[in-house]
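Q: One structure is given below, represented as structure tokens, and several questions about it will come after.
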Amino acid sequence: MFGTKNLHSGIDLNLNKLILPGVVMLAFLTLGTFLWRSSGQLLALFFFGYIGISVGVGLGLYAALPKKKKPLGRRLSLILVGTFLVGFAAIYGQENMQIEGVFFGLLGGVTQAAVVHYLIAKIFGPMLFGRIWCGWACWTVMVLDLLPFQQPAGRLPGKWGWIRYLHFALSLGLVVIAWYGLGFQAGAVGKAALAWYIAGNLFYYLVGIGLAYALKDNRAFCKYLCPVSVPLKITSRLALLKISGEAEKCNDCRACVKMCPMDILIPDYIQNNQRVLSTECSLCQTCITVCSKDALKLSFSFDLGGQDLLRERSM
């Protein structure tokens, strides 16, 4: 309705498609301003303002660029946010940004960047934006998405996804043992925390890359091992932002399923007049891009998610 399209460049300047990027930017800037005004720390505004603007710019480019170039917007967002959190918050701030750092912070009553980040991006944020963090800002995905296995063959049959719950429990148990059993209480901030973060992150990358090559799937780590997805899957059930579609436009070509990095059976929801209710969805928008009938879009509404209809690979 509003906007125009540059036919020569293929850039779509439809203002309606820029609503989501604007909402994301505004949400983060509002949060940063609130934390700055309540704590007196201008750094909070910079921290959350930078993340919001970076994700907003990536989403905006994704909306405006022609289909073949849309992934550049998401790649830019991943790089801007991922390198910032690794370089600024972790290395410069000497913080453990892994989930163990959050556990250490909570046990010690230390409200460092990791704790605030997890509360916003992994607990409360998904109630509004779903798992947009996984698709647009994760520093692990930033690396894994560079691998050549963009089109997965489906999930491993069985309950392999439960390993991430075990990983979550082991991470929590390790922190509890270190804190109460060994008297190690420096896992949130400081040189020891930074060393823990660097070692943990390298471990994630090595395992993630190894799994990707073993299973020919860039997101294998996300599907089976990532402990961060445990809280995300709980709160993203309430997400207002989800993928929706028009059943009458869908010809069930399954292109969206073949290209979905998380193996979601998207048409099964759409043809049942539902939005995509799977808590595995990272809102990467690949399905929207590859749909030749323009049957899919992002929408704000309320419906309880949690029904995971996923494609399994043939063994």
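Q: Can you name the condition, by its number, that residue 133 falls short on among (1) farther than 25 Å from residue 99 by Cα; (2) modelled with pLDDT under 95?
A: Every listed condition holds for residue 133 apart from (1).
Q: Something else now. Considering every residue within segment 300-313, establish whether at least one is of a type in the set (Lys, Arg), surrounded by fewer than 18 Cβ atoms within 10 Å (Cβ to Cβ) and in contact with a Gly (Cβ under 6 Å, 6 or more places away or on another chain).
A: So in segment 300-313, the residues of a type in the set (Lys, Arg) come out as 311, 313.
Then drop every residue that is not surrounded by fewer than 18 Cβ atoms within 10 Å (Cβ to Cβ), which leaves 313.
So of that shortlist, the ones also in contact with a Gly (Cβ under 6 Å, 6 or more places away or on another chain) come out as 313.
The answer is yes, given that some residue of segment 300-313 is of a type in the set (Lys, Arg), surrounded by fewer than 18 Cβ atoms within 10 Å (Cβ to Cβ) and in contact with a Gly (Cβ under 6 Å, 6 or more places away or on another chain).
Q: Also, I was wondering about something else. Consider segment 102-115. How many of its residues are assigned to a helix (DSSP H, G or I) and surrounded by fewer than 18 Cβ atoms within 10 Å (Cβ to Cβ)?
A: 3
Q: Quick one: which of 54, 77, 38 is among the hydroxyl-bearing types (Ser, Thr, Tyr) and more than 24 Å from residue 261 (Cα to Cα)?
A: Result: 38 is the single residue among 54, 77, 38 that is among the hydroxyl-bearing types (Ser, Thr, Tyr) and more than 24 Å from residue 261 (Cα to Cα).
Q: Quickly run through segment 202-244 and pick out the residues that are without any contact (Cβ under 8 Å) to a residue 24 or more places away in the chain and of a type in the set (Phe, Trp, Tyr).
A: Scanning segment 202-244 gives a single hit, 203.
The values are calculated or read from the model by the stated rules, or taken from the named source; none is laboratory data. Bear in mind the structure is a predicted one, so any value in this text is a computation, not a measurement. Glycine gets a Cβ as well: all are built from the backbone with ideal geometry, and neighbour counts include every protein chain shown.
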